[in-house]
Amino acid sequence: MGSFLAITGALVLAYFVLVNGFQTVLLMSSALELGAYRRRAWGDEPRALLGSEVAPRVSVLAPAFNEQDTIVESVRALLSLRYPNLEVLVVNDGSTDATLANLAAAFELTPVHPIFRRQLETEPVVGLYRSRLHPHLVVINKENGGKADALNAGLNVSSGQLVCALDADSLVEHDALLRMVRPFLADPRVVAVGGTIRVANEADVRYGRVVRSGVPRHYLAGIQTVEYLRAFLFGRLGWNRLGGNLIISGAFGLFDRERVLAAGGYESSTVGEDLELIAKIRRLAHEGSEPGRIEFLPDPIAWTEVPSSLRSLGAQRDRWHRGLADVIWRHRRTIGNPRYGALGTVAMPIFVVIELLAPVVELLGLVVVAIALPLGAVDTTFAWTLLLVAYGWAVLLSVLALVLEELSFRRLGTLADRLRLLLWALLEPFGYRQLTVWWRLRGLVGWLRRRDDWGTMQRRGFSVLADPGV
Amino acid sequence: MILEVLRLIVVSQAVLIAVLVVGSLTHSFVTEATRRRRQPAISQATSMLARLLSGQATVEEAVVALQDLPVTVRGEVLGSLVTTVRGEQQHLLAIVAASCGVVEHAVGWTQSRRPGRRLRGTRILRRVGVAPPELTTLLEDPWPPVRAEASRLVIHRTAPRLVRQLIGRLADPDSGVRFAAKDALVRCGASVVTEVVEELGADELTTEVRAALLEVLVHVADSSHLPVARRFSSDHDPPVRRGAARLSAAVGGTAGVTVLSTLLTDPDDGVRAAAIDGFGQLGYWPAAPTIAERLSDPAWVVRRAAGGALRRMGAPGRLFLRRALDHEDPYARDMARQVLDLPELRAAG
């Protein structure tokens, strides 16, 4: 028993060093990337692209299912995006409520019949409509097939060289597309660009635009604000220099349409369709010697409402982990395979060891400590000191993310907001972290049992300010 | 020993966290205080520049109002107004930028050894809309972002030599620079046409450059460019012939239609589709029978273009689409059915 505990403890300790070592590398990579990005972006005006007649056409794809209460406001926000050559495609995925009727009434939809090629198989499209008020708004009405299927229908109909996949309930900053398109113009190898997602639970919204971004007072939403900041500002940014990202959030990403179509579009049979698409594009790029560069940019921002109940959050994390496991399994032959370059030798192994297996190792660590302490198999002082190191490191990473934010984009609101964020960073390792371990373990078991449900997400809605002129 | 190391790590972490938190909060406080301190001077300068543009203040008064601000902030204040005005007013702001030291400062930066600083200098010049004599050097800068930014600056000074240099940037190894150059040429419009037509005559141009130059002419759409369209309609590169088709459609007229007709049987799908699109764009209904034949083209893009063009031609086009419903070729029948079969507004409303 003693030797078993000793070996397990040593393994957990080695894992701890490996994870923290990698995070340090990621942090340094992110700081370098952010510095270079800021140097290039100094004084740049994304608006300069606005009058361009040669800018690539962008089709925004917004799938919607039973969103009768929010759809009109969401679409108004999408229509106010600044871009010179924009098409907005809302895909009504067989809603059973008044989503389509509300759209028809608000935007004076009229039936149209653009000729498009059905390059991706989807559930049948029932009708296509164009707005009389906003000619660049097209609504696709189709039978229900899920988010991936709706995005694929949008891809079939879209006419842009670039497609932007969005959640209909995300609030995208007005100049975000102007920023996101730049990597495509600068490097023909770029096939997808991801932007930052930020938490808008405490934000004030006017005309579909976040006018004040506060840090949530609610425990769960507040901690997720720290988590998102850390994940996007140094997690994904750091990956730009370490072989490219494997994740572009389904809530906000811009893609080369031809490459997505060549990859077969979104996969309907997985709950991690956004991750799966990137893995597939990158894998096919290596197999066919085609372009496959994935970029992440820190300043195009989309705001989203994060779950504020344990039930919704648990369902989300459970689904994310099932999606991760599923995608890694689908693309398992790339793991450690030098043929797939950085995807096979860096990204996939790291995702397996540090993302997929993390909850298992963390649980193992907790069990070992729980058994070893009463048995006296581990020195109490040593255990507590190690715990303090782990805690200190977790807080240090969060604080470094806050510092990077302060030195770069400064979008954290008031001094009170910054202090509140610091408080959430200090509290995150207590309770919240253990809960995420549990949810991710549940997801892993769910994947083994082939569960493929999406769970439910209860939203409270944004705090919408009245028109000051009224 | 290990315990000692761990303790040392804990202490270091605590110190580092404290330093970072205090440093971050101090930075936040200082930045905010500076912003607040400058705000009245920025408002005053902006208001003075607005008065200058409406003829209620002199250049000297505007320069005095800007003097209290750091030079980069002066550039920002001027830049925020430059994009909203044109002509004489833009010229006035350029004089202010030169008089208050912004241009001199920016030009100094463009001569720096550090690429980041050269980029900053060029960006300030673009923001205030001043193209200095050093622009020639900036267009050849070793760092692509500087060349791209300099390309955008040419809009403010379309001297033939600079335009030729800008056209040269269409063959830049960096795609961001190529895009910036093409965008700038299109924005320059008619003022660069002479150089564009001259350059098109050069033999050593690549396909990409030639197609980009034709696109510039498409946006100007002048009937005097028809000989260019005719000449390049028989080029050996399909992207160039596509450009010629678009130029013919943009120019129009009997001669334009003649060029388009020759391209309807081009071996390249994209060229045929562009020619058919051109007929649709012109609404040239006498071509409907010829275009209807293309409904059975082997390429989907051509069939789609034919369907769309016939629809745009109105009644004659629809007549040919109806006839195509009985076409022996199933693809022609399918395309005609798709174009004619307008769905009804079902669940909506």
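The values are calculated or read from the model by the stated rules, or taken from the named source; none is laboratory data. Nothing here was measured: the structure is a model prediction, and the numbers come from that model. Because the Cβ atoms are built from the backbone with ideal geometry, glycine has one as well, and the counts that use them run over all protein chains shown. Areas reflect the complete protein model, heavy atoms only, side chains present, ligands, DNA and RNA absent. Shrake-Rupley method; radii C 1.70, N 1.55, O 1.52, S 1.80 Å.
Below are the figures for this structure:
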read-out	value
Among B:S54, B:S28, B:S99, residue whose mean-square fluctuation peaks in a GNM of chain B (springs only between Cα atoms under 10 Å)	B:S28
Accessible surface ranking that places the most exposed of A:S80, B:S223, B:S12 first, with a 1.4 angstrom probe	B:S223, B:S12, A:S80
Table column - 3J(HN,Hα) (Hz), segment B:128-138, Karplus curve with 6.51, -1.76, 1.60, x for Gly and Pro	8, x, 10, 9, x, x, 5, 4, 4, 5, 5
Over chain B, relative contact order from alpha-carbon pairs under 8 Å, at least 6 apart, %	7 percent
Of all accessible heavy-atom area on segment B:42-130, the percent that carbon and sulfur account for (1.4 Å)	50 percent
Pairwise burial B:A, computed as accessible area of each alone minus the pair, summed, 1.4 Å, Å²	4600 Å²
Gyration tensor verdict on segment A:285-339 (Cα atoms; rounded if a/c is under 1.5, prolate if a/b is larger than b/c, oblate otherwise)	oblate
Integer Hz, Karplus 6.51/-1.76/1.60 couplings in order for segment B:152-166, x for Gly and Pro	5, 6, 4, 3, 7, 7, 8, 5, x, 5, 5, 5, 4, 5, 5
Highest-fluctuation residue, B:Q338, B:Q165, B:Q13 considered, GNM on chain B with Cα pairs under 10 Å	B:Q13
Occluded residues from segment A:45-59, i.e. those whose accessible area drops by 30 Å² or more once the chain is not alone (1.4 Å probe)	A:E45, A:A48, A:E53, A:V54
Chain A, accessible area per residue, ligands and nucleic acids excluded (1.4 Å, Å²)	41 Å²
Sparse-neighbour loop sites [trypsin sites (Lys or Arg not before Pro); segment A:87-161; at most 14 other C-beta within 10 Å; DSSP]	A:R117, A:R118, A:R132
With every protein chain in place, segment B:249-341: carbon and sulfur % of accessible area (1.4 Å)	51 percent
Accessible area in the full protein assembly, largest first, 1.4 Å probe, for B:M313, A:M28	A:M28, B:M313
Rg(Cα)/(2.2 N^0.38 Å) for chain B, N = residue count	1.44
Segment A:21-352 shape via C-alpha gyration tensor axes, a/c threshold 1.5	rounded
Under-5 Å amide H pairs with A:R212, H placed in peptide plane, nonlocal only	A:D204
J(HN,Hα) series, segment A:207-219, from Karplus relation 6.51 cos²θ - 1.76 cosθ + 1.60, nearest Hz, glycine and proline x	6, x, 10, 6, 9, 8, 10, x, 8, x, 7, 6, 3
Cβ-defined net charge surrounding B:G55, 14 Å radius [Lys, Arg +1; Asp, Glu -1]	-1
Amide H within-cut-off set for A:V91, under 5 Å, with H built and near neighbours excluded	A:A62, A:A64, A:I140
DSSP-assigned coil residues among chymotrypsin sites (Phe, Trp or Tyr not before Pro) in segment A:22-78, each with at most 16 further Cβ atoms within 10 Å	A:W42
DSSP-defined beta bridges in the protein assembly as shown - what % are antiparallel, rounded to 5	45 percent
Sequence-distant residues sharing a close amide H with A:V172 (under 5 Å, placed H)	A:W303
Rounded tilt (10° steps) of B:207-220 against the dominant C-alpha axis of chain B	90 degrees
Compactness of segment A:327-382 - radius of gyration and Dmax, Cα, Å	17.0, 49
Cα-based shape type of the protein assembly as shown, given that a ≥ b ≥ c are square roots of the gyration tensor eigenvalues and the cut on a/c is 1.5	oblate
Helix axis angle, A:358-375 relative to chain A longest principal axis, alpha carbon, degrees	20 degrees
Kirkwood hydrodynamic radius of segment B:90-139, from inverse mean 1/r over distinct Cα pairs, in Å	10.6 Å
Separation between Cα centres of segment A:50-126 and segment B:9-53, rounded to whole Å	41 Å
Qualifying GluC sites (Glu not before Pro) for segment B:155-228 [loop in DSSP, other Cβ within 10 Å: at most 15]	B:E204
Residue-averaged [θ]222 nm for the protein assembly as shown, counting only DSSP H segments that reach four residues, each worth -39500 (n - 2.57)	-18000 deg cm²/dmol
For chain B, accessible area per residue (1.4 Å probe, heavy atoms of protein chains only), Å²	48 Å²
Between 0 and 90°, nearest 10: helix A:310-330 axis offset from chain A longest Cα axis	90 degrees
Within the accessible area of chain A (1.4 Å probe), percent carbon and sulfur	58 percent
